[in-house]
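Asker: Here it is, the structure in full.
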Amino acid sequence: MWASPVLALLSMTQVSAHPKHFLSDKVEHFTESVIREMTRQAMQYNAVNLAQGFPDFSAPAEIKHAAQEAIAADVNQYAITWGAKSLRGAIARQMQEWQGIEVDPEKEIVVCCGSTEAMIATLLAVCNKGDEVVVFEPFYENYGPDSILSGAKPRFVSLRPPQRAGGEWTFDEQELREAFKHQTGQHQTHHSKTKAIILNTPNNPTGKVFSRKELELIRDLCVEYNVLAITDEIYEHILYDGSEHISIARLDGMRERTITINGLSKSYSVTGWRVGWAVAPPAITNAIRKVHDFLTVGAPAPFQEAGAVALSLPASYYRELADRYRMRRDHLIPALEKAGFVCYRPRGAYYVMTDISAFGFANDVEFASYLVRDIGIACVPGSSFYKHPKDGSRQVRFAFCKKPETLDEAALRLEKVRARR
Ligand code: PLP
(Lines give C-alpha, C1' and ligand atoms only; values in the text may rest on other atoms or scores of the structure.)
Protein backbone atom coordinates (compact mmCIF):
# COMPACT_ATOMS: atom_id res chain seq x y z
CA MET A 1 0.00 0.00 0.00
CA TRP A 2 1.20 3.52 -0.81
CA ALA A 3 1.96 5.58 2.30
CA SER A 4 2.09 9.36 2.18
CA PRO A 5 5.52 10.56 3.33
CA VAL A 6 3.99 13.81 4.59
CA LEU A 7 1.44 11.99 6.77
CA ALA A 8 4.19 9.72 8.04
CA LEU A 9 6.28 12.76 8.95
CA LEU A 10 3.29 14.43 10.63
CA SER A 11 2.62 11.40 12.79
CA MET A 12 6.29 11.27 13.78
CA THR A 13 6.44 14.92 14.75
CA GLN A 14 2.97 14.71 16.29
CA VAL A 15 1.79 18.01 14.83
CA SER A 16 -1.75 18.37 16.15
CA ALA A 17 -4.69 19.32 13.97
CA HIS A 18 -6.40 21.23 16.77
CA PRO A 19 -9.10 23.39 15.13
CA LYS A 20 -7.73 26.59 16.71
CA HIS A 21 -4.51 26.04 14.78
CA PHE A 22 -6.40 26.74 11.55
CA LEU A 23 -8.16 29.92 12.69
CA SER A 24 -7.16 33.56 12.57
CA ASP A 25 -6.65 35.21 15.98
CA LYS A 26 -8.86 38.03 14.74
CA VAL A 27 -12.04 35.97 14.84
CA GLU A 28 -11.44 35.22 18.53
CA HIS A 29 -12.22 38.83 19.31
CA PHE A 30 -15.84 38.92 18.19
CA THR A 31 -18.88 36.68 18.17
CA GLU A 32 -21.51 35.83 15.57
CA SER A 33 -24.11 38.52 14.96
CA VAL A 34 -26.65 38.51 17.81
CA ILE A 35 -29.21 40.26 15.59
CA ARG A 36 -29.18 37.50 13.00
CA GLU A 37 -29.22 34.88 15.79
CA MET A 38 -32.44 36.49 17.10
CA THR A 39 -33.94 36.19 13.61
CA ARG A 40 -33.18 32.45 13.68
CA GLN A 41 -34.88 32.19 17.08
CA ALA A 42 -37.86 34.16 15.79
CA MET A 43 -38.31 31.52 13.09
CA GLN A 44 -37.84 28.66 15.57
CA TYR A 45 -40.55 29.98 17.95
CA ASN A 46 -42.82 31.38 15.25
CA ALA A 47 -42.39 34.79 16.84
CA VAL A 48 -43.12 38.25 15.44
CA ASN A 49 -39.67 39.34 14.33
CA LEU A 50 -38.98 42.83 15.66
CA ALA A 51 -35.27 41.98 15.93
CA GLN A 52 -33.59 42.41 12.55
CA GLY A 53 -34.14 45.66 10.66
CA PHE A 54 -35.68 44.43 7.45
CA PRO A 55 -39.14 45.39 6.18
CA ASP A 56 -41.81 42.70 5.85
CA PHE A 57 -43.69 44.75 3.22
CA SER A 58 -43.16 45.17 -0.52
CA ALA A 59 -40.51 47.32 -2.15
CA PRO A 60 -41.80 50.08 -4.51
CA ALA A 61 -43.28 48.55 -7.68
CA GLU A 62 -41.33 50.83 -10.04
CA ILE A 63 -37.96 49.76 -8.74
CA LYS A 64 -38.84 46.05 -8.76
CA HIS A 65 -39.91 46.54 -12.35
CA ALA A 66 -36.61 48.27 -13.15
CA ALA A 67 -34.68 45.29 -11.72
CA GLN A 68 -36.76 42.84 -13.78
CA GLU A 69 -36.20 44.92 -16.91
CA ALA A 70 -32.46 45.05 -16.30
CA ILE A 71 -32.29 41.26 -16.05
CA ALA A 72 -34.46 40.86 -19.17
CA ALA A 73 -32.18 43.31 -21.01
CA ASP A 74 -29.23 41.08 -20.07
CA VAL A 75 -27.53 43.33 -17.59
CA ASN A 76 -26.32 40.10 -16.05
CA GLN A 77 -22.53 40.26 -16.20
CA TYR A 78 -20.02 42.04 -13.97
CA ALA A 79 -20.68 45.76 -13.72
CA ILE A 80 -17.71 48.14 -13.69
CA THR A 81 -15.87 47.22 -10.49
CA TRP A 82 -16.50 50.53 -8.75
CA GLY A 83 -20.12 50.78 -9.91
CA ALA A 84 -22.42 51.21 -12.91
CA LYS A 85 -22.18 54.67 -14.40
CA SER A 86 -25.94 55.22 -14.19
CA LEU A 87 -25.96 54.56 -10.43
CA ARG A 88 -22.87 56.67 -9.72
CA GLY A 89 -24.46 59.52 -11.65
CA ALA A 90 -27.67 59.19 -9.60
CA ILE A 91 -25.71 59.12 -6.30
CA ALA A 92 -23.82 62.30 -7.26
CA ARG A 93 -27.08 64.04 -8.24
CA GLN A 94 -28.74 63.04 -4.98
CA MET A 95 -25.86 64.26 -2.80
CA GLN A 96 -25.96 67.57 -4.59
CA GLU A 97 -29.72 67.87 -4.29
CA TRP A 98 -30.15 66.78 -0.65
CA GLN A 99 -26.94 67.96 0.98
CA GLY A 100 -25.44 70.46 -1.47
CA ILE A 101 -22.29 68.32 -1.74
CA GLU A 102 -20.61 68.23 -5.14
CA VAL A 103 -19.30 64.78 -6.01
CA ASP A 104 -17.33 63.63 -9.06
CA PRO A 105 -18.98 60.31 -10.01
CA GLU A 106 -15.87 59.22 -11.94
CA LYS A 107 -13.41 59.69 -9.09
CA GLU A 108 -15.24 59.81 -5.79
CA ILE A 109 -17.71 56.91 -5.60
CA VAL A 110 -17.31 53.18 -4.98
CA VAL A 111 -20.45 51.05 -5.28
CA CYS A 112 -20.22 48.01 -3.00
CA CYS A 113 -22.25 44.98 -1.88
CA GLY A 114 -24.30 46.92 0.64
CA SER A 115 -23.15 49.63 2.96
CA THR A 116 -21.81 46.73 5.04
CA GLU A 117 -19.12 46.10 2.45
CA ALA A 118 -18.59 49.84 1.94
CA MET A 119 -17.81 50.20 5.67
CA ILE A 120 -15.37 47.32 5.91
CA ALA A 121 -13.71 48.12 2.58
CA THR A 122 -13.22 51.69 3.83
CA LEU A 123 -11.71 50.58 7.13
CA LEU A 124 -9.41 48.11 5.36
CA ALA A 125 -8.37 50.89 2.99
CA VAL A 126 -7.53 53.48 5.67
CA CYS A 127 -6.45 51.63 8.83
CA ASN A 128 -3.05 50.33 9.82
CA LYS A 129 -2.35 47.94 12.68
CA GLY A 130 -2.36 49.89 15.92
CA ASP A 131 -4.65 52.65 14.67
CA GLU A 132 -7.64 53.52 16.79
CA VAL A 133 -11.16 54.22 15.61
CA VAL A 134 -13.58 56.21 17.78
CA VAL A 135 -17.08 54.69 17.92
CA PHE A 136 -20.12 56.00 19.79
CA GLU A 137 -21.67 53.39 22.05
CA PRO A 138 -24.28 51.84 21.85
CA PHE A 139 -23.20 51.09 18.27
CA TYR A 140 -24.46 49.17 15.26
CA GLU A 141 -22.90 45.79 15.96
CA ASN A 142 -20.82 45.54 12.75
CA TYR A 143 -18.53 48.44 13.68
CA GLY A 144 -16.68 46.46 16.39
CA PRO A 145 -15.75 43.44 14.19
CA ASP A 146 -15.14 45.75 11.19
CA SER A 147 -12.52 47.67 13.18
CA ILE A 148 -10.87 44.49 14.45
CA LEU A 149 -10.77 42.89 10.98
CA SER A 150 -9.06 45.99 9.63
CA GLY A 151 -6.39 45.83 12.37
CA ALA A 152 -7.70 48.86 14.25
CA LYS A 153 -8.78 49.12 17.85
CA PRO A 154 -12.23 50.57 18.52
CA ARG A 155 -12.30 53.21 21.28
CA PHE A 156 -15.81 53.71 22.58
CA VAL A 157 -17.48 56.94 23.67
CA SER A 158 -20.80 56.69 25.52
CA LEU A 159 -24.08 57.98 24.25
CA ARG A 160 -26.19 58.47 27.37
CA PRO A 161 -29.95 57.82 27.30
CA PRO A 162 -32.34 60.73 27.79
CA GLN A 163 -32.99 61.56 31.44
CA ARG A 164 -36.55 62.70 30.80
CA ALA A 165 -39.37 61.77 28.43
CA GLY A 166 -38.77 63.25 24.99
CA GLY A 167 -35.11 64.07 25.75
CA GLU A 168 -32.06 63.36 23.58
CA TRP A 169 -29.22 60.85 23.76
CA THR A 170 -26.14 62.91 24.60
CA PHE A 171 -22.37 62.50 24.85
CA ASP A 172 -19.74 64.16 26.97
CA GLU A 173 -17.47 66.54 25.10
CA GLN A 174 -14.50 65.81 27.36
CA GLU A 175 -14.86 62.04 26.94
CA LEU A 176 -14.91 62.47 23.16
CA ARG A 177 -11.84 64.72 23.27
CA GLU A 178 -9.98 62.17 25.41
CA ALA A 179 -10.77 59.44 22.85
CA PHE A 180 -9.29 61.56 20.04
CA LYS A 181 -6.21 62.43 22.08
CA HIS A 182 -5.47 58.91 23.18
CA GLN A 183 -1.96 57.50 22.63
CA THR A 184 -1.28 53.79 23.08
CA GLY A 185 1.48 51.19 23.25
CA GLN A 186 5.13 51.43 24.11
CA HIS A 187 5.83 53.37 20.93
CA GLN A 188 4.28 56.57 22.18
CA THR A 189 4.81 59.40 19.82
CA HIS A 190 3.45 62.88 19.97
CA HIS A 191 0.73 61.82 17.58
CA SER A 192 -2.71 60.62 18.52
CA LYS A 193 -3.36 57.02 17.48
CA THR A 194 -6.83 57.97 16.25
CA LYS A 195 -7.28 57.37 12.53
CA ALA A 196 -11.02 57.84 12.20
CA ILE A 197 -14.33 58.32 13.93
CA ILE A 198 -17.29 56.19 12.84
CA LEU A 199 -20.51 58.16 12.94
CA ASN A 200 -24.01 56.89 12.32
CA THR A 201 -26.75 59.46 11.93
CA PRO A 202 -29.72 58.87 12.05
CA ASN A 203 -28.50 56.32 14.54
CA ASN A 204 -29.12 52.64 15.04
CA PRO A 205 -29.97 51.60 17.79
CA THR A 206 -30.79 54.87 19.60
CA GLY A 207 -32.74 56.78 16.93
CA LYS A 208 -30.54 59.82 17.64
CA VAL A 209 -30.09 62.37 14.87
CA PHE A 210 -26.85 64.28 15.48
CA SER A 211 -27.39 68.04 15.63
CA ARG A 212 -25.36 70.62 13.74
CA LYS A 213 -23.74 71.71 17.01
CA GLU A 214 -22.65 68.15 17.81
CA LEU A 215 -21.35 67.61 14.29
CA GLU A 216 -19.41 70.88 14.48
CA LEU A 217 -17.74 69.72 17.67
CA ILE A 218 -16.81 66.42 15.97
CA ARG A 219 -15.56 68.42 12.98
CA ASP A 220 -13.35 70.57 15.20
CA LEU A 221 -11.78 67.47 16.78
CA CYS A 222 -11.28 65.77 13.39
CA VAL A 223 -9.46 68.85 12.11
CA GLU A 224 -7.43 69.39 15.29
CA TYR A 225 -6.24 65.77 15.45
CA ASN A 226 -6.15 65.15 11.69
CA VAL A 227 -8.74 62.38 11.84
CA LEU A 228 -11.13 60.98 9.20
CA ALA A 229 -14.91 60.80 9.63
CA ILE A 230 -16.53 57.64 8.30
CA THR A 231 -20.23 58.36 8.38
CA ASP A 232 -22.94 55.75 7.91
CA GLU A 233 -26.01 57.64 6.69
CA ILE A 234 -28.14 54.72 5.63
CA TYR A 235 -31.22 56.10 7.46
CA GLU A 236 -30.87 59.64 6.03
CA HIS A 237 -34.45 59.71 4.72
CA ILE A 238 -36.12 58.23 7.82
CA LEU A 239 -36.61 61.26 10.08
CA TYR A 240 -39.35 62.33 12.50
CA ASP A 241 -40.65 65.37 14.36
CA GLY A 242 -38.94 67.87 12.05
CA SER A 243 -35.40 66.51 12.58
CA GLU A 244 -32.90 67.47 9.91
CA HIS A 245 -30.22 65.14 8.59
CA ILE A 246 -26.87 66.87 8.14
CA SER A 247 -24.04 65.09 6.34
CA ILE A 248 -20.83 65.94 8.16
CA ALA A 249 -19.08 66.16 4.75
CA ARG A 250 -20.94 69.40 4.15
CA LEU A 251 -19.37 71.20 7.12
CA ASP A 252 -16.38 73.44 6.39
CA GLY A 253 -13.13 71.51 6.58
CA MET A 254 -14.72 68.07 6.37
CA ARG A 255 -15.16 67.31 2.67
CA GLU A 256 -11.52 66.23 2.29
CA ARG A 257 -11.58 64.02 5.37
CA THR A 258 -14.99 62.35 5.15
CA ILE A 259 -16.12 59.02 3.74
CA THR A 260 -19.92 59.01 3.44
CA ILE A 261 -21.55 55.60 3.37
CA ASN A 262 -25.07 54.89 2.20
CA GLY A 263 -27.11 52.31 0.32
CA LEU A 264 -30.40 51.15 -1.15
CA SER A 265 -31.41 48.81 1.71
CA LYS A 266 -33.32 51.14 4.01
CA SER A 267 -34.51 54.01 1.79
CA TYR A 268 -36.06 51.64 -0.76
CA SER A 269 -36.86 48.57 1.41
CA VAL A 270 -34.55 46.25 -0.53
CA THR A 271 -32.16 44.89 2.10
CA GLY A 272 -31.62 41.73 0.03
CA TRP A 273 -30.32 43.52 -3.06
CA ARG A 274 -26.97 44.25 -1.44
CA VAL A 275 -26.16 47.59 -3.02
CA GLY A 276 -24.42 50.35 -1.07
CA TRP A 277 -21.65 52.86 -1.65
CA ALA A 278 -18.87 55.00 -0.25
CA VAL A 279 -18.28 58.60 -1.33
CA ALA A 280 -14.81 59.99 -0.57
CA PRO A 281 -12.08 62.26 -1.95
CA PRO A 282 -10.25 60.72 -4.96
CA ALA A 283 -7.16 59.30 -3.20
CA ILE A 284 -9.26 57.57 -0.55
CA THR A 285 -11.75 56.41 -3.19
CA ASN A 286 -8.88 54.82 -5.12
CA ALA A 287 -7.78 52.87 -2.06
CA ILE A 288 -11.35 51.72 -1.31
CA ARG A 289 -11.79 50.70 -4.97
CA LYS A 290 -8.70 48.48 -4.74
CA VAL A 291 -9.94 46.75 -1.59
CA HIS A 292 -13.47 46.40 -2.99
CA ASP A 293 -12.18 44.87 -6.24
CA PHE A 294 -10.40 42.06 -4.40
CA LEU A 295 -13.16 41.55 -1.85
CA THR A 296 -16.14 41.21 -4.17
CA VAL A 297 -15.27 42.40 -7.74
CA GLY A 298 -18.54 44.28 -7.90
CA ALA A 299 -22.09 44.71 -6.66
CA PRO A 300 -25.04 42.96 -8.39
CA ALA A 301 -25.32 44.53 -11.87
CA PRO A 302 -29.12 44.50 -12.44
CA PHE A 303 -29.79 45.90 -8.97
CA GLN A 304 -27.40 48.77 -9.63
CA GLU A 305 -29.49 49.72 -12.68
CA ALA A 306 -32.64 49.53 -10.57
CA GLY A 307 -30.81 51.59 -7.94
CA ALA A 308 -30.36 54.42 -10.44
CA VAL A 309 -34.16 54.41 -10.95
CA ALA A 310 -34.73 54.32 -7.16
CA LEU A 311 -32.51 57.34 -6.54
CA SER A 312 -34.49 59.27 -9.13
CA LEU A 313 -37.84 58.90 -7.29
CA PRO A 314 -39.53 62.23 -6.50
CA ALA A 315 -39.25 64.01 -3.11
CA SER A 316 -42.82 62.89 -2.31
CA TYR A 317 -41.57 59.28 -2.12
CA TYR A 318 -39.26 60.15 0.80
CA ARG A 319 -41.95 62.21 2.57
CA GLU A 320 -44.33 59.24 2.42
CA LEU A 321 -41.60 56.84 3.54
CA ALA A 322 -40.87 58.93 6.65
CA ASP A 323 -44.60 59.46 7.32
CA ARG A 324 -45.33 55.76 7.19
CA TYR A 325 -42.46 55.01 9.57
CA ARG A 326 -43.66 57.74 11.94
CA MET A 327 -47.08 56.07 12.06
CA ARG A 328 -45.44 52.71 12.80
CA ARG A 329 -43.32 54.24 15.54
CA ASP A 330 -46.40 55.84 17.07
CA HIS A 331 -48.21 52.51 16.85
CA LEU A 332 -45.53 50.40 18.59
CA ILE A 333 -44.37 52.78 21.33
CA PRO A 334 -47.72 53.06 23.20
CA ALA A 335 -48.07 49.25 23.14
CA LEU A 336 -44.57 48.89 24.60
CA GLU A 337 -45.22 51.56 27.23
CA LYS A 338 -48.49 49.93 28.22
CA ALA A 339 -46.61 46.67 28.74
CA GLY A 340 -44.11 48.40 31.08
CA PHE A 341 -41.16 49.33 28.84
CA VAL A 342 -39.55 52.75 29.11
CA CYS A 343 -39.15 53.85 25.48
CA TYR A 344 -36.50 56.25 24.16
CA ARG A 345 -38.47 57.91 21.39
CA PRO A 346 -36.40 57.85 18.16
CA ARG A 347 -35.95 60.99 16.03
CA GLY A 348 -34.82 58.94 13.06
CA ALA A 349 -34.16 55.38 11.75
CA TYR A 350 -36.68 52.61 12.52
CA TYR A 351 -35.79 51.23 15.93
CA VAL A 352 -36.84 51.94 19.46
CA MET A 353 -34.42 51.34 22.32
CA THR A 354 -36.16 50.53 25.57
CA ASP A 355 -35.38 50.10 29.26
CA ILE A 356 -36.57 46.82 30.78
CA SER A 357 -35.72 47.48 34.45
CA ALA A 358 -39.40 47.29 35.41
CA PHE A 359 -39.65 43.59 34.54
CA GLY A 360 -37.14 42.37 37.13
CA PHE A 361 -35.19 39.98 34.89
CA ALA A 362 -31.51 39.25 35.58
CA ASN A 363 -30.42 40.80 32.28
CA ASP A 364 -31.35 41.65 28.69
CA VAL A 365 -30.50 38.20 27.30
CA GLU A 366 -32.73 36.44 29.81
CA PHE A 367 -35.53 38.90 29.04
CA ALA A 368 -35.11 38.56 25.24
CA SER A 369 -35.25 34.73 25.58
CA TYR A 370 -38.44 34.99 27.62
CA LEU A 371 -39.96 37.39 25.09
CA VAL A 372 -39.25 35.21 22.08
CA ARG A 373 -40.19 31.87 23.70
CA ASP A 374 -43.11 32.75 25.99
CA ILE A 375 -44.57 35.85 24.35
CA GLY A 376 -43.63 35.24 20.71
CA ILE A 377 -41.80 38.51 19.96
CA ALA A 378 -38.15 38.69 18.94
CA CYS A 379 -36.14 41.74 19.98
CA VAL A 380 -32.40 42.36 20.24
CA PRO A 381 -30.72 42.25 23.66
CA GLY A 382 -29.16 45.63 24.44
CA SER A 383 -25.78 44.13 25.33
CA SER A 384 -25.10 43.39 21.66
CA PHE A 385 -24.68 47.15 21.12
CA TYR A 386 -22.04 47.58 23.84
CA LYS A 387 -18.47 46.43 24.38
CA HIS A 388 -19.22 45.42 27.97
CA PRO A 389 -22.47 43.39 28.07
CA LYS A 390 -23.29 44.86 31.48
CA ASP A 391 -23.73 48.32 29.94
CA GLY A 392 -26.67 47.11 27.84
CA SER A 393 -28.12 44.67 30.34
CA ARG A 394 -31.17 46.88 31.08
CA GLN A 395 -32.01 47.52 27.43
CA VAL A 396 -33.57 45.78 24.44
CA ARG A 397 -34.21 47.11 20.92
CA PHE A 398 -37.30 46.69 18.74
CA ALA A 399 -37.48 47.33 14.97
CA PHE A 400 -40.74 48.78 13.65
CA CYS A 401 -40.10 48.48 9.90
CA LYS A 402 -43.10 46.15 9.70
CA LYS A 403 -46.62 46.04 8.24
CA PRO A 404 -49.34 47.55 10.48
CA GLU A 405 -50.83 44.06 10.92
CA THR A 406 -47.46 42.73 12.14
CA LEU A 407 -47.32 45.54 14.70
CA ASP A 408 -50.99 44.82 15.65
CA GLU A 409 -50.05 41.23 16.37
CA ALA A 410 -47.02 42.37 18.39
CA ALA A 411 -49.23 44.76 20.41
CA LEU A 412 -51.65 41.91 21.13
CA ARG A 413 -48.86 39.64 22.31
CA LEU A 414 -47.32 42.42 24.41
CA GLU A 415 -50.46 42.38 26.57
CA LYS A 416 -49.25 39.06 28.00
CA VAL A 417 -45.88 40.41 29.20
CA ARG A 418 -45.52 39.97 32.95
CA ALA A 419 -43.00 41.30 35.42
CA ARG A 420 -40.84 38.65 37.11
CA ARG A 421 -40.70 39.49 40.78
N1 PLP B 1 -25.58 50.45 8.79
C2 PLP B 1 -26.51 50.49 9.74
C3 PLP B 1 -26.46 51.57 10.77
C4 PLP B 1 -27.54 49.54 9.77
O5 PLP B 1 -28.47 49.59 10.72
C6 PLP B 1 -27.56 48.53 8.79
C7 PLP B 1 -28.61 47.48 8.78
O8 PLP B 1 -29.32 47.27 9.71
C9 PLP B 1 -26.57 48.51 7.82
C10 PLP B 1 -25.59 49.50 7.85
C11 PLP B 1 -26.53 47.46 6.74
O12 PLP B 1 -26.80 48.03 5.53
P13 PLP B 1 -26.65 47.28 4.13
O14 PLP B 1 -27.87 46.47 3.93
O15 PLP B 1 -26.54 48.40 3.14
O16 PLP B 1 -25.41 46.47 4.17
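The values are calculated or read from the model by the stated rules, or taken from the named source; none is laboratory data. Remember, predicted model here, so these are calculated numbers, not experimental data. Counting neighbours? That spans all protein chains shown, and the Cβs are built from the backbone with ideal geometry, glycine included. Just the protein is used for accessible areas: all its heavy atoms, side chains included, with ligands, DNA and RNA removed. Shrake-Rupley method; radii C 1.70, N 1.55, O 1.52, S 1.80 Å.
Asker: Listed residues I246, I230, I234, I261; which is in the same structural domain as P154 (by TED's automatic domain parsing), more than 12 Å from the ligand (Cβ to nearest atom) and either crowded, with 20+ Cβ neighbours inside 10 Å or in a loop (DSSP other than H, G, I, E, B) (or both)?
Answerer: On the way: I230 fails: more than 12 Å from the ligand (Cβ to nearest atom); I234 fails: more than 12 Å from the ligand (Cβ to nearest atom); I261 fails: more than 12 Å from the ligand (Cβ to nearest atom).
The match here is I246.
Asker: Then there is this: Can you pull out every residue in segment 347-370 that is open to solvent by less than 10 Å² (accessible area, probe 1.4 Å), within 29 Å of S267 (Cα to Cα) and touching a residue at least 60 places away in the same chain (Cβ under 8 Å)?
Answerer: Within segment 347-370, G348, A349, Y350, Y351, V352, M353, A368 meet the criteria.
Asker: Right, another one. Could you go through segment 201-216 and let me know if any residue there is under 20 Å from the mean Cα position of the chain (by Cα), within 21 Å of G144 (Cβ to Cβ), of a type in the set (A, V, I, L, M) and open to solvent by less than 10 Å² (accessible area, probe 1.4 Å).
Answerer: Checked against the condition, which is being under 20 Å from the mean Cα position of the chain (by Cα), within 21 Å of G144 (Cβ to Cβ), of a type in the set (A, V, I, L, M) and open to solvent by less than 10 Å² (accessible area, probe 1.4 Å), segment 201-216 yields no hits at all.
Asker: Any residue at all in segment 307-316 that's among the β-branched types (V, I, T) and either open to solvent by 50 Å² or more (accessible area, probe 1.4 Å) or part of a strand (DSSP E or B) (or both)? Talk me through it step by step, then tell me what you get.
Answerer: If we filter segment 307-316 for residues that are among the β-branched types (V, I, T), which is where we start, we get 309.
Cutting the leftovers down to either open to solvent by 50 Å² or more (accessible area, probe 1.4 Å) or part of a strand (DSSP E or B) (or both) gives us 309.
Checking segment 307-316: at least one residue is among the β-branched types (V, I, T) and either open to solvent by 50 Å² or more (accessible area, probe 1.4 Å) or part of a strand (DSSP E or B) (or both).
Asker: Can you find a residue in segment 279-289 that is in a loop (DSSP other than H, G, I, E, B), among the small types (G, A, S) and within 16 Å of the ligand (Cβ to nearest atom)?
Answerer: Here is the first cut: in segment 279-289, the residues in a loop (DSSP other than H, G, I, E, B) are 280-281.
This time we only want the ones that are among the small types (G, A, S), so: 280.
Subset that is within 16 Å of the ligand (Cβ to nearest atom): none.
Checking segment 279-289: not a single residue is in a loop (DSSP other than H, G, I, E, B), among the small types (G, A, S) and within 16 Å of the ligand (Cβ to nearest atom).
Asker: Here is a follow-up. Regarding segment 378-395, can at least one residue be identified that is without any contact (Cβ under 8 Å) to a residue 60 or more places away in the chain and of a type in the set (K, R)?
Answerer: Within segment 378-395, one or more residues are without any contact (Cβ under 8 Å) to a residue 60 or more places away in the chain and of a type in the set (K, R).
Asker: Give me a count of the residues in segment 94-140 that are within 15 Å of the ligand (Cβ to nearest atom), open to solvent by 20 Å² or more (accessible area, probe 1.4 Å) and in a loop (DSSP other than H, G, I, E, B).
Answerer: 2
Asker: To continue, here is another question. Is it fair to say Y78 is within 16 Å of the ligand (Cβ to nearest atom) and part of a loop (DSSP other than H, G, I, E, B)? Break it down stepwise before answering.
Answerer: Working: within 16 Å of the ligand (Cβ to nearest atom): no; part of a loop (DSSP other than H, G, I, E, B): yes.
So Y78 fails the test.
Asker: Also: Part of a helix (DSSP H, G or I), among the hydrophobic types (A, V, I, L, M, F, W, C) and either surrounded by 10 or more Cβ atoms within 10 Å (Cβ to Cβ) or at pLDDT below 75 (or both) - does that describe any residue in segment 57-65? Break it down into steps so the answer makes sense when it comes.
Answerer: As a first pass, look at segment 57-65 and keep what is part of a helix (DSSP H, G or I): 61-65.
From the residues that got through so far, the ones that are among the hydrophobic types (A, V, I, L, M, F, W, C) too are 61, 63.
Now drop any that are not either surrounded by 10 or more Cβ atoms within 10 Å (Cβ to Cβ) or at pLDDT below 75 (or both), which leaves 63.
Scanning segment 57-65, I find at least one residue that is part of a helix (DSSP H, G or I), among the hydrophobic types (A, V, I, L, M, F, W, C) and either surrounded by 10 or more Cβ atoms within 10 Å (Cβ to Cβ) or at pLDDT below 75 (or both), so the answer is yes.
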